[in-house]
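The values are calculated or read from the model by the stated rules, or taken from the named source; none is laboratory data. This one's a predicted model, so the numbers in the text were calculated from it and none came from an experiment. Cβ placement follows ideal geometry from the backbone for every residue including glycine, while neighbour counts extend to all protein chains displayed.
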Amino acid sequence: MIHHEPSLTRTQLRKRVDEEKSGWLARAQALTDASIQARKFVGTGSKKKDGVWSEIKRVFMSLQGHKCAYCEKRMPERGKGRDGDRLEGKDKNEYDIEHYRPKNAVKAWPSRAIIKERGITYADEIRRGADGGYYLLGHDPRNYVASCKTCNSAYKGNYFPIAGQAARDEPDPKRLRKTEQPLLPLPFGSWGEDPTSFIRFLGPLPIPRFKTGHRHLRAAVTIDFFELDTRADLLFLRSMMILLLWEQLENAVSGTPAKKATAATFLAALSKTTSPHTACTLAFASLHATEHATADSLRSACHAYVASADPSVFGAWG
Ligand SMILES: [Zn+2]
């Protein structure tokens, strides 16, 4: 779960869009006007140019610290590091601009197969987003978020599970948030929320922060929807980061002055918004400080997972 940008306003977002691509907002408004007339999403009419939102992809890559909004995987960034400048024009390839609310037909989630596979018990509480899609938001940057191709293509697609009432003709994402009670995360401004307010991490595992209520449901849906607790690549990376982190956390407490200094530099780097899986690593650093024995048991489980790739090593924690 990436860092939330609560102070981002609509005006600031539009300014960033305009700086990235002058004239984009006017073109988007014309397409929105056409969509209002047609009462359905209207694109550019050209397959080549239909990804008009791709032109402002970098705004979201930058806002998100170059991480996927859903799985917190780190992705390319131009102009940084030894080869960064060579990424000019190539940096965007691993990102998709995703329409948070689908611009066309919305599919129902979860399917029977997913309910069975994931052991979902809350399916009766889930509603489908607006029938026919959110045609008013197809060209609204407040409806955009950057994600990795796996999270977008293999998981997000045209789904939009909600707990409230769908409102297809409402153009204001802030009002929609109240009416619809969306269940997937959106990390920007007053039209989104901080994902860490409903999901926390225990070692490499994301878990609901609350046991009941809307925030519990939202966390459970987000974790099940993107399979954030079972994807092997995510579990492996988070486990590796915890193993690296453990050594530095121990050194920070009882190392030599030189090791303490190295640990401080490492921990500062890990806390940056551009560092991958910060929701996991920062939670583990906090656990290390407050419940050392629990942190040590989780470290041991991470070690076993990296060695075996067997997720059952986390059985006691999930
Ligand atoms: Zn992702």
Check your understanding: Could you count how many residues in the range 287-318 are of a type in the set (S, T, N, Q) and outside any helix (DSSP H, G or I)?
Key -> 0
Check your understanding: If you scan the range 65-113, which residues turn out to be farther than 30 Å from Asp131 by Cβ, at pLDDT 85 or above and in a loop (DSSP other than H, G, I, E, B)?
Key -> Gly65, His66, Glu72, Lys73, Met75
Revision key, fill the gap. If we keep only residues of the range 144-153 that are in a helix (DSSP H, G or I) and crowded, with 16+ Cβ neighbours inside 10 Å, then the residue nearest to the ligand (Cβ to nearest atom) is Cys151
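Table: residues versus (1) buried (at least 19 other Cβ atoms within 10 Å of the Cβ); (2) within 16 Å of the ligand (Cβ to nearest atom).
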residue	(1), (2)
Asp96	yes, yes
Arg101	yes, no
Leu136	yes, no
Tyr155	yes, yes
Asn158	no, no
Gln165	no, no
Exercise for review: Can you confirm whether the range 36-59 contains a residue that is part of a helix (DSSP H, G or I), out of contact with any Pro (no Cβ under 7 Å at 6 or more places or on another chain), within 16 Å of the ligand (Cβ to nearest atom) and at pLDDT 90 or above?
Suggested key: yes
Check your understanding: For residues in the range 116-134 being surrounded by 14 or more Cβ atoms within 10 Å (Cβ to Cβ) and part of a loop (DSSP other than H, G, I, E, B), which is farthest from the ligand (Cβ to nearest atom)?
Key -> Gly132
Exercise for review: Return the only residue of Thr265, Thr222 being surrounded by fewer than 19 Cβ atoms within 10 Å (Cβ to Cβ) and either out of contact with any Lys or Arg (no Cβ under 7 Å at 6 or more places or on another chain) or under 21 Å from Ser286 (Cα atoms) (or both).
Suggested key: Thr265
Review point. Among the residues of the range 223-238, is there at least one that is part of a helix (DSSP H, G or I), at pLDDT 95 or above and more than 16 Å from the ligand (Cβ to nearest atom)?
Key: no
**Study point:** From Pro110, Pro141, Pro171, residue being away from the ligand (no atom under 16 Å from the Cβ), assigned by TED's automatic domain parsing to the domain that holds Cys68 and within 17 Å of Leu228 (Cα to Cα)
**Key:** Pro110
